[in-house]
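The values are calculated or read from the model by the stated rules, or taken from the named source; none is laboratory data. These numbers come from a predicted model, not from an experiment. Quick reminder, even Gly has a Cβ in these numbers, built from the backbone with ideal geometry, and neighbours come from all protein chains shown. Heads up: the accessible areas ignore ligands, DNA and RNA and are worked out on the full protein's heavy atoms, side chains in. Shrake-Rupley method; radii C 1.70, N 1.55, O 1.52, S 1.80 Å.
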Amino acid sequence: MPKGVTVNVCMGTGGIAGGADEVLAAFREELSRNSVEGRVLEKCAVHQVGCRGFCARDVLVDITIDDERTTYQYIRPDMVKRLVSEHIIGGEPVADWMVSDEYHRFHDLQKKIVLADCGTIDPEDIEAYIDAGGYRAITEVLESRTPAEVIDEVRRSGLRGRGGAGFPTGQKWELCAANEADRRYIICNADEGDPGAFMDRSVIEGNPHSVIEGMLIGAYAVGSDSGYVYIRAEYPLAVDRLRLALDQARAKGFLGPDILNSGFSFDIKIKLGAGAFVCGEETALIASIEGERGMPRAKPPYPADKGLWGKPTIINNVETWANLPPIINNGADWYAGIGSEKSKGTKVFALTGKIRNTGLIEVPMGISLRDIIFDIGGGIEGGRLLKAVQTGGPSGGCIPQQHIDLAMDYDNLLAVGSMMGSGGMVVLDESDCMVNIARFFLEFTQAESCGKCTPCRLGTKRLLEILTRITEGEGRKGDIELLEDLAGDVRDTSLCGLGMSAPNPVLSTIRYFRHEYEAHIHDKHCPAKVCRKLLTFFIREDLCVGCGMCRKACPTGAADGKPKAPHHIDTSSCVKCGACYDVCKFKAVLKE
Amino acid sequence: MAGLATVFGSGAMSNSVAEIERTDALFVIGSNTTENHPIIALRMKQAVRNGAKLIVADPRTIPLVKFAHLHLRHRPGTDITLLNTIMHVIVREGLEDREFIEARTTDFETFQKNLENFTPEYGEKITGVPARDIIEAARIYATAGRAGIYYTMGITQHSMGTDNVISLANLALLTGNIGREATGVNPLRGQNNVQGCCDMGCSPNVFPGYQSLTDPEVRERFEEVWGTRLPDKIGLTASEMIEAMLAGSLKGLYVMGENPAMSDPNTTHTLEAFRKLDFLVVQDIFLTETAELADVVLPAASFAEKDGTFTNSERRVQMVRKALSTPGRAKDDLWILGNLTARMGFNHVFESIRALGYKVPEDNDAKQTIMTPEQAFLEAGLLWPGIRGMTYQRLKNGGIQWPCPSQGHPGTPYLFRDSFPVGRPAFRSITPTESDELVDSDYPYVLTTGRILFQYHTGSMTRRSKALETVAPCPFIEINHRDAALLEILDEDPVTVTSRRGTISLIARVGDRVGPGVVFIPFHYREAAANLLTNNALDPICKIAEAKVCAVRIDKVGPTA
Amino acid sequence: MISLTIDGREVSVFEGTSVLEAARILEIDIPTLCHDPRLKPFGGCRLCIVEIRGMARPVTACTTPAIGGMVVTTTSERLYRLRRTIIELLLSDHPNDCMVCARAGDCTLQEQAYFYKLRLNRFTGEMRDHDRVDANPFIKREMNKCILCGLCVRVCDEVQGVNAIDFAFRGFNARVTPPFEKDLDCEFCGQCVAVCPTGALTGKVWAGEARQKDVKMTDTVCSYCGCGCNITLHTVRDRVVRITSRPDTHNRGWLCAKGRFGYEFINHPDRLKTPLIRRKKGGNLEPAAWEDAFDLIAGQFTRIKEESGPDALGGLASARCTNEENYVFQKFFRAVIGTNNIDHCARY
Ligand SMILES: Cc1cc2nc3c(=O)[nH]c(=O)nc-3n(C[C@H](O)[C@H](O)[C@H](O)COP(=O)(O)O)c2cc1C
């Protein structure tokens, strides 16, 4: 007889989008309708759990019987019946639907610290967190450590900020604690404005208490009684779960006055952001909490000296906070043993682009790009060639294929002209135009510039205009040098990290792919065949069957021909919209 | 002003405007500072930003209230009760400054007794301010390290105006908030040179520098310098002059640059007095309502057309410089007065000063009677030590605050540091009196008058600015929405307002700037002159008329819905 | 006190002093567009960047607190190039219509463009186009000329406490505007106009008036309320064309709507230009010569004094006239007429 049956349904935002709600309901219904408990003589528990990263395969479901776990992928509600009858009742796993080897390879090289419990515990239940060892760290800290000892532990762990800049966390706390002040503040930066990034969201959705516990440890270490989580309003599920978690923590006495009878008091408020990229920048975020327009303020003074309401303030990223309970529980030496020389621990990345296994991964610092892309990521889709990896979000840089063996850590990334950023990782293949990639990112940063400082407001605009004209075949001689000059000046004179790093995509693509720029400007040619205005569309007569689809799709009448006879495209009236290319079922339309 | 002068011996702002930023608590009463003294108000706002607590006592929700920690919306005319109640709380809670009281004041015991009945509950009944607010105000003011009091016409233009001012002085003495930086009792002056005009002796009882003309020694000195015998009988105040004109005993009047026919309360009464005059001379830059009544109108220079000095609210004497020539045949005022002096046969203007050994610039022959501004200034300094140390040369860079008795003296940002001119000021027990005119069933609303930001005084300057006129083109009456509802008056409705003295028509502004039972009208507009309604009952001591309180009736114009 | 080195020269300053302030003590000129010592530092224009030993990138002098032992360089080839790029970027989105701009000759941006010899611009591109009609009668807002230095926003907040305007929108579309892009509706103190470094904010009342040529400046005192603000009259021949206020005075350059914009009365056609005499009671006031006016006054005053004594005469002095005039006026009544019937209407 089985000892226990547990069904875990992945209910991160990705899972829910894939229909996890219905799957969960279907399990509950199916189990009770069949009185399964009676038939397996054990309690069947159905849990929602957070995201485990492999969102491409959602909805993922674990069925665990007597500690024997089987994971299923692509589960729809109509499949639940069979899972219950065959696997739970019948004891025979449904082999057709089980995850493939790829799922395991996706996980094998990962090392999960922050995401360890994401996907296994119910984020809406504080007991699940406590059962998994949660709130043990803060209890121990309050009972037996001085604030200085905590700071020292964090410093020795080598933890660096996961929000982008990689500033040593222990050092930041030390600076803050050293200030004379009647009040200090703790902030968790959960703004996560990078397009395509969802590391922080997943942590809060999957294990909100780990962030709260991290903040408690930080608050105790620097002597703060008041914290904020600044989280974007576009993360409704994360906000709900965080709110619930705060209520539960308060009810359990982990937040509020005199926590665990230690005399230490701390509470956390949620502050919703309105979705501005720049509000993730710490000083802009602080301004936003203060009720001002989210515009960055000049540093120095740094927040650790003069932050929220002018008081010393610690601001750390979600992932940084979530690293703290494990560091306290396992010790600084354990943590410092993971990762590379100057970058310790793990880093969560959002892996996207031209890669088979898109999703959320947590890997030890120092892992090579090759391992990430070809092992965890399963390689490039469609068998095309890897061209570059873009890291660091919109203001990061592109790492060319030749650096595939680069060990991923803060310093190496900077050295090759990119950065860690918050953990965005976009894989680019030979069908990506690097000029266009740079233009794409500039479009984002210039639209998100707050407008406060001249170089960022106008410099990014002018950079974008030059890039746009290059991709449209209007590039001029000298444009590359002009881009380099202006990008450098914008980087050197901008007020905040947004403007300082906005030129990165331009500079790094020029550095490694100058020839692509030159081809655009001098030969009016886009090597990746992406920039439409530089392409010529034509029809290969031998492949064309004269189906007429291109003729119907063409907005200008440039694609024309008699039915059943090969068609052709009149280049003088072609506006290069690409409609013919997209509709042709016979791959007869070509672009050059 | 008389009130302050009686208590301390000097009646000007005790402290400076710049000090306001360093104050810990501000008590602003009867002053719509942001609209009437916009630049002084900037300092108040800065003080609040710097952490000071601001208490505003005003029947209206004036714009400054937005920055205040506490708004005491007392009924018009109940200032004394309010202040006595505040002082009652201070004494009851032992927050008074014993050391200061003992070292620098007298008569505290009787004063203290007088406060006994002014409990916060009693105060609430009379003033309408909740007792707990009164208590809080008392605590804020009394416990602040440095607390300043600021007031204007809302305090003085009452039949008990002098008592109001004395009460404020009591409050400052009680807590030792006088004679130190960023404290004090500070009347903010309504017009650019009220201070200078007072300083220069344009009052019926004092010579320049507030020197009593009944003091023989003082008078002798003036007689010596001016080279003539001087009258020793105290003259008539402006309001007494109106009565004397009506009585026929004052027959000739010379008005220089004022417009009493519009600015004085009870206009009908004032006009009647002016019409009774035998002979009226008005010297001005525009044909004002008063000039229209004159027998002779003399065209004078605007401030931009002459040299001289103005003294601002904080006793700062500053240079006024000529930038333009006077239009047409207009002349500057000193030229006019000099010529008249000659016509009146007084030809020895400079003789006596010369005789005293002072150099008078050469271009004046003995017969010349026109003084240059600089000569006039130096002569005034000869007679009043307060400005004796000032010269035009020294005033060039931003002016100097009097007293400045000698050339090396830097001027005085705040008064009474070491002593008061009266020695030890006495606490004076003040018993509240009621406003001269109270509401009744015929005139059920209390009218209070004042200024607005975009207009100034009787409008002779501002109403000639197209831009200012565009944003503040017409007279209005502020009515509380509760009263408006009872009267079925909507915002922007035309209404008439009637007092025992007259009726005017204007537009209603319905809202909650004034409390129920109170209405407000700005007095800038001749087409609906608020002073047709106001009461000319006088304060018995300083003879200021009660422009701030009278009873009116409001009628909706046209068919009622 | 702490001491630091700027361009090889040592200076001692109080803690909390910015690098910019320290440099100004040494009279080292660092260009700025968004700085005003009366307002909190902003660090937006980036023109005041300097190099500090030990810091990787240039920092703005206005926002960086001086620290003991700091070694600062304010001019270098690199800084020159960076500053020049900043001005060039600003000009790439500026109408550059100085010919017809109210601020020509008195514009910080123009001055900087001249200093950095920016004739051609490497960055041509889209220009903002958010000109709009604003109905208020005081302040002209030409927002295409705005360089977003934020001085107006800050003065309205930090000094006036009105917050009538703020930044809105992002990136290239960022602009300074009243709420919801409505017409400006505020106290119209014009503090924003006073601090604007370009022609973005100007006074409507002085639009079209002389800018520089033939303008005479006279420092004097405002004639409205008892604040006694220092003002500078800009006059051309005998006309006031504008009023400003110097920042180094007790009112710190701040004025109100009346003081700054309400000067039309000075040159108003209604000004009295000739003496008027009413030759008989009930008659009209008619123009007269000064001699006739004086004769009449002296005659009547003498008659009344002889018939009814000096106390039948009285004088009302003026809170608008100068000290000197008031002094002479009361002296006239006391010494010449012989009465103390002298007072003024505003004895408050
Ligand atoms: C334009 C910009 C956007 C940023 N967005 C984020 C963000 O979304 N989340 C975050 O944690 N840090 C963000 N940062 C970094 C923060 O400024 C700050 O360095 C970080 O919150 C510090 O936390 P850490 O030390 O834990 O990394 C951003 C920085 C810049 C310049």
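Here are a few things to note about the model shown:
- The phi torsions of the stretch A:7-23, fed into the Karplus equation with coefficients 6.51, -1.76 and 1.60 and a -60° offset, translate into couplings of 10, 10, 10, 5, 10, x, 4, x, x, 5, 4, x, x, 5, 3, 5, 4 Hz, rounded to whole numbers, with Gly and Pro shown as x.
- Percent antiparallel among DSSP beta bridges (both partners in the protein assembly as shown, rounded to 5): 55 percent
- Area hidden from solvent between B and C (accessible, protein heavy atoms only, 1.4 Å, total, Å²): 11100 Å²
- Percent antiparallel among DSSP beta bridges (both partners in chain A, rounded to 5): 55 percent
- Evaluating 6.51 cos²θ - 1.76 cosθ + 1.60 at θ = phi - 60° for every residue in the stretch A:279-286, the Karplus couplings come out as 5, x, 5, 4, 6, 5, 4, 5 Hz, glycine and proline recorded as x.
- Available extension along the chain between B:Asp512 and B:Ser212 is 103.3 nm, counting 0.36 nm per residue and deducting the alpha carbon span.
- Mean Kyte hydropathy of 1.6 or more with a Cα span along the axis of at least 27 Å, helices from DSSP in chain C: none
- Normalised convex hull volume, the stretch A:535-591, alpha-carbon set, Å³ per residue: 62 Å³
- Gain on full stretching of the segment that runs from A:Lys552 to A:Lys587 - 0.36 nm per residue minus C-alpha separation: 11.0 nm
- Amide H contacts under 5 Å for C:Val221, placed H, 5+ residues apart: B:Arg321, C:Ile231
- A:Trp334 accessible area, 1.4 Å probe, all protein chains in place, Å² to nearest 10: 80 Å²
- What the phi angles of the stretch B:125-131 give under the Karplus curve with 6.51, -1.76 and 1.60, with θ = phi - 60°, is a coupling list of 5, 7, 8, x, 8, x, 3 Hz, glycine and proline written as x.
- FRET efficiency, 1/(1 + (r/R0)^6) with R0 60 Å, evaluated for C:Lys182 and C:Glu307 via beta carbons: 0.35
- With R₀ set to 56 Å, the beta-carbon distance separating C:Met217 from B:Asp232 gives a calculated FRET efficiency near 0.70.
- Prolate/oblate/rounded label for chain A (Cα gyration tensor, a/c 1.5): oblate
- Set against the 2.2 N^0.38 Å expectation for a compact globular protein, the stretch A:126-336 has a Cα radius of gyration ratio of 0.93.
- Label-reachable residues, the stretch C:85-123, where backbone N falls under 18 Å from a point 7 Å from C:Glu77's Cα toward its Cβ: C:85
- Estimated buried accessible area (total), pair A and C, 1.4 Å, Å² to nearest 100: 2900 Å²
- Longest site-free stretch - chain B; sites: GluC sites (Glu not before Pro), DSSP loop, at most 16 other Cβ within 10 Å: B:182-361
- Accessible surface of the stretch A:535-591 [probe 1.4 Å, protein heavy atoms]: carbon and sulfur percent: 57 percent
- Distance between modelled label sites at A:Leu244 and C:Ile67, nm, 7 Å Cα→Cβ extension: 4.6 nm
- Compactness of chain B is given as radius of gyration and Dmax, 24.2, 80 Å, from Cα positions.
- For B:Glu434 and C:His268, the FRET efficiency from 1/(1 + (r/R0)^6), where r spans their Cβ atoms and R0 equals 41 Å, is about 0.40.
- Expressed as a whole percent, the proportion of Cα-Cα pairs in chain C lying more than 39 Å apart is 35%.
- Think of a 1.4 Å ball rolled over the protein heavy atoms: chain B then has 34 Å² of accessible area per residue.
- Legend: mean number of C-beta atoms from other chains within 10 angstrom of residue C-beta atoms, peptide B:32-40, equals 6.
- Here, the stretch C:2-75 has an Rg and a Dmax of 11.0, 30 Å when only alpha carbons are counted.
- For the stretch B:412-444, the residues whose amide N sits under 12 Å from a probe point set 7 Å from the Cα of B:Ala103 along the beta carbon direction are B:417-419.
- Kirkwood-Stokes translational diffusion coefficient of the stretch B:2-187, alpha-carbon pairs, 37 °C, 0.692 mPa s, µm²/s: 205 µm²/s
- For the pair B:Leu95 and A:Ala178, label points projected 7 Å from Cα toward Cβ lie 4.3 nm apart.
- Its DSSP H runs of at least 4 residues, each contributing -39,500 (n - 2.57), put the calculated 222 nm mean residue ellipticity of the protein assembly as shown at -9000 deg cm²/dmol, to the nearest 500.
- Taking amide H positions as modeled 1.01 Å from N, with prolines and chain starts lacking one, the residues under 5 Å from B:Gln401 and 5 or more places away or on another chain are B:Val317, B:Thr412.
- Over the C-alpha atoms of the stretch A:461-592, the Rg to Rh ratio, Rh being the Kirkwood estimate, stands at 1.15.
- Restricting attention to chain B, close to 40% of DSSP beta bridges with both partner residues there are antiparallel.
- The alpha carbon gyration tensor of the stretch B:445-556 gives principal lengths a ≥ b ≥ c with a/c of 1.5 or higher and a/b no greater than b/c, which makes the shape oblate.
- Note on exposure: B:Trp335, B:Trp402 ranked by accessible area (1.4 Å probe, complete protein assembly) read B:Trp335, B:Trp402, with the most exposed listed first.
- Across C:Lys40/C:Lys145; A:Lys342/A:Lys387; A:Lys111/A:Lys342; A:Lys524/A:Lys564; A:Lys112/A:Lys344; A:Lys533/A:Lys585, pairs whose alpha-carbon gap is larger than 25 Å: A:Lys342/A:Lys387; A:Lys524/A:Lys564
- Extending 7 Å from Cα along the Cβ direction at B:Ser441 and again at B:Glu224 yields two label points whose distance is 6.9 nm.
- Convex hull volume per residue in cubic angstrom - Cα atoms of the protein assembly as shown: 248 Å³
- Each part gets one Cα centre, and for the stretch B:148-207 versus the stretch C:240-312 those centres are 29 Å apart.
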